[in-house]
Amino acid sequence: MESFAPEVIFRIGIFPVTNTIINTILVDGFLLILAFFISRHIAIIPGKFQNAVEYVVGGLYNLTESITGNKASKIFPFFMTFFLFILISNWSGLIPGINTFGLIEHTHGKTEIIPLIRAATSDLNTTLALALISLAATHVMSIIALGPTEYLSRFVPFFPFLISLIKGKPKFNIDKTGPINFVMSFFNPLVLVFVGALELISEFVKIISLSFRLFGNIFAGEVVLGTVSSIFAFIFPLPFYLLEVVVGVVQALVFSMLTMAFMIILTTPHHEESKEVSH
């Protein structure tokens, strides 16, 4: 039965090295070697392998460009990095026999094998780290694209008013067209505080959504495969393996595209968003 938490293989001092950390290192190493190999074998007249790589990368870039427009060149590296890492991590847990290599442990009269390698994305720690990296990259891009003032105004909508107040030229609009509008003018700051609070909450929800969606799907797939394989050793588990191969691609694509969507939203000024909504 698949353990909810990753298994500790050894320790470096007080730092535990789990099988998902080992998997992360192996996936990173594989991607670095692959990138080095491809960069050293680029030919003017491409072969079959280069054609295949160009077809996949070109297709994903066209997908990114169709969604992000002129922001594609900045967003695509993040999209591709997340996609490749998550995809290879998802598929690494599907290698036949991968769970049979490990440490033998005797507990409560039972003999169990602790696998040396386990898909990194089946560990909530890894998916949470990926979500935090995604969110951090998104906010850094937003600050660079919009500037500090407009960026802060998304989460503290009355921030421009505070700036004008500090400068000694407060900008406070009072609607005098009617008694109701006049009274509502004084409630606007409270509305802005509420909107800002919702924006901050939504950022935390993004972390939970990204991390738990990826973790839940991959961990559940490993549990299903482990259960089916323990009952039926041959033939019958094959459809489940094929399903998990597809799930691995879909989940990598979903995580990457959601990151892309968050980057588009946070790097688009408010006035441009209102124009898009009006159209």
Take the residues of region 210-223 that are touching a residue at least 40 places away in the same chain (Cβ under 8 Å) and under 13 Å from Thr127 (Cβ atoms): which is farthest from the chain's Cα centre (by Cα)?
Phe219
Which ranges mark the helices (runs of 4 or more DSSP H) fully within region 161-279 that have 2 or more residues being at pLDDT below 90 and hydroxyl-bearing (Ser, Thr, Tyr)?
179-231, 270-278
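Just need a number here: residues in region 7-46 that are assigned to a helix (DSSP H, G or I) and of a type outside the set (Val, Ile, Thr). So that I can check it myself, show each step before the final result.
Here is the first cut: in region 7-46, the ones assigned to a helix (DSSP H, G or I) are 19-39.
When the remaining residues are screened for being of a type outside the set (Val, Ile, Thr), the result is 19, 23, 26, 28-32, 34-37, 39.
The number of residues fulfilling the criteria is 13.
Which one is surrounded by the fewest Cβ atoms within 10 Å (Cβ to Cβ), of the residues in region 1-21 that are polar (S, T, N, Q) and in contact (Cβ under 8 Å) with a residue 60 or more places away in the chain? Let's see the steps before the verdict.
At the first step, the residues of region 1-21 found to be polar (S, T, N, Q) are 3, 18-20.
Pick out the ones that are also in contact (Cβ under 8 Å) with a residue 60 or more places away in the chain and you get 18-20.
Values: Thr18: 20, Asn19: 24, Thr20: 24.
The extreme case among them is Thr18.
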Within region 31-52, how many residues are surrounded by 14 or more Cβ atoms within 10 Å (Cβ to Cβ) and either modelled with pLDDT of 90 or more or under 20 Å from the mean Cα position of the chain (by Cα) (or both)?
1
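Answer yes or no: is there a residue in region 78-91 that is under 29 Å from Ile208 (Cα atoms), part of a helix (DSSP H, G or I), of a type in the set (Gly, Ala, Ser) and in contact (Cβ under 8 Å) with a residue 24 or more places away in the chain.
First, the residues of region 78-91 that are under 29 Å from Ile208 (Cα atoms): 78-91.
Within this subset, residues satisfying the condition of being part of a helix (DSSP H, G or I) are 78-91.
Checking the rest, the ones that are also of a type in the set (Gly, Ala, Ser) come to 89.
Those still in the list that are in contact (Cβ under 8 Å) with a residue 24 or more places away in the chain too: 89.
For region 78-91, residues under 29 Å from Ile208 (Cα atoms), part of a helix (DSSP H, G or I), of a type in the set (Gly, Ala, Ser) and in contact (Cβ under 8 Å) with a residue 24 or more places away in the chain: present.
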One residue from Asn90, Asn70 being under 22 Å from Thr121 (Cα atoms) and of a type in the set (S, T, N, Q):
Asn90
Can we say Leu63 is among the hydrophobic types (A, V, I, L, M, F, W, C) and in contact (Cβ under 8 Å) with a residue 12 or more places away in the chain?
no
Got a sec? Which of Ile67, Ile22 is modelled with pLDDT under 90 and β-branched (Val, Ile, Thr)?
Ile67
Being surrounded by fewer than 17 Cβ atoms within 10 Å (Cβ to Cβ), modelled with pLDDT of 90 or more and either part of a loop (DSSP other than H, G, I, E, B) or of a type in the set (Gly, Ala, Ser) (or both) is the filter here; which residues of region 103-131 pass it?
Ala129
Got a number for residues in region 22-59 being closer than 30 Å to Glu105 by Cα, of a type in the set (A, V, I, L, M) and without any contact (Cβ under 8 Å) to a residue 24 or more places away in the chain?
1
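Answer yes or no: is there a residue in region 93-102 that is in a helix (DSSP H, G or I), farther than 26 Å from Met141 by Cα and among the hydrophobic types (A, V, I, L, M, F, W, C).
Yes; the residues of region 93-102 include at least one that is in a helix (DSSP H, G or I), farther than 26 Å from Met141 by Cα and among the hydrophobic types (A, V, I, L, M, F, W, C).
The values are calculated or read from the model by the stated rules, or taken from the named source; none is laboratory data. The shown structure was predicted, so the numbers you read here are calculated from the model rather than taken from an experiment. For neighbour counting, all protein chains shown are included, and Cβ atoms are generated from backbone atoms with ideal geometry for every residue, glycine included.
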